[in-house]
Amino acid sequence: MSPVDTLEGLDRTQLVARWQAIVGGAPPPHLSKPLMRHVLAFEMQAKTQGGLSRSLRKKIEQCAGDQDGTARGKPALGLKPGARLVREWNGVAHRVDVTADGHVWNGVTYRSLSAIARAITGARWSGPRFFGLTAGEKTR
């Protein structure tokens, strides 16, 4: 039986103790036992097999950004810093400036145009499509 297999029979108190030993600190208070087992299994395997490669960790960090969709990232679609995108939505003109760090809208830098389109409309839009940068259906 592998060490990962032993997690299956542990109750919550034992899982918390194992979490503190392997991950450090306490697990999030409302984390379910099955999810706790998955995280612990991953951490145990990562310690024995080396974990994620540096390039994959970097790519994950770039994709993740901040939870609110803001982050530092490169502008999409080959847009050069200094470009300005303008889109009218519900009678309001929205201006997005392209910078070396990403896309600035209302004074906040976003990592993607899609995050800005979502903030403007409240719906999931393709940012490039919303701003008219791709072929396809006309935007609303």
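The values are calculated or read from the model by the stated rules, or taken from the named source; none is laboratory data. Computed from a prediction, not measured in an experiment: that's the story for all the values here. Heads up, the Cβs are rebuilt from the backbone with ideal geometry, glycines too, and the neighbour counts pull from every protein chain shown.
Mind listing whichever residues of the range 94-129 are in a helix (DSSP H, G or I) and at pLDDT 90 or above? Result: Leu113, Ser114, Ala115, Ile116, Ala117, Arg118, Ala119, Ile120, Thr121. As for the range 21-44, it holds no residue that is of a type in the set (S, T, N, Q) and either in a helix (DSSP H, G or I) or in contact with a Phe, Trp or Tyr (Cβ under 8 Å, 6 or more places away or on another chain) (or both). Of Leu79, Leu85, all but one fail to be crowded, with 16+ Cβ neighbours inside 10 Å, at pLDDT below 90, outside the structural domain of Ala46 (by TED's automatic domain parsing) and not acidic (Asp, Glu); the exception is Leu79.
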